[in-house]
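Single-structure report; data block below.
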Amino acid sequence: MVLEDIQVIRFVDNILIPSCGTIYSEARIDHDCNLVAMLERFEPHHVKRNVNKLKFLVPKATFLGHIITTEVYNPTLSLSKP
């Protein structure tokens, strides 16, 4: 409920902040706005964050078994053999 109207992908206690833009700078602004909104929403609700799991500005991430990059979204399980 805390993140109800913020552009994030959430599953249990995992959160991914996607971004949109036709160029990198637009996508970065979109991402940063969503990140700030999420953090501001957490504060009054006393939501704890695991700083060991936080990753910022990564060009490639694995989220719920999916590989997501700045170029493409690949729904192939990351655990499968290449």
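Coordinate-derived values only; no laboratory data. What you see is a predicted model, and the numbers here were worked out from it, not measured in a lab. In this analysis, Cβ positions are derived from the backbone assuming ideal geometry, glycine residues included, and neighbour counts consider all displayed protein chains.
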Exercise for review: Enumerate the calculated ³J(HN,Hα) couplings along segment 60-65 in order (Karplus 6.51 cos²θ - 1.76 cosθ + 1.60, θ = phi - 60°), each rounded to whole Hz, writing x wherever the residue is Gly or Pro.
Suggested key: 8, 9, 9, 9, 6, x
Practice item. Over every pair of different alpha-carbon atoms in the chain, take the mean of 1/r and invert it; report that Kirkwood radius in Å. Key: 14.0 Å
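Could you tell me the calculated FRET efficiency between Glu43 and Ile23, based on Cβ-Cβ distance and R0 = 35 angstrom, to the nearest 0.05?
Details: r = 31 Å, r/R0 = 0.89.
Given R0 = 35 Å and the Cβ-Cβ separation, E is 0.65.
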Exercise for review: Rank-order 25-38, 56-69 by packing density, defined as the average count of other C-beta atoms within 10 Å over each peptide's residues, highest first.
Suggested key: 25-38, 56-69
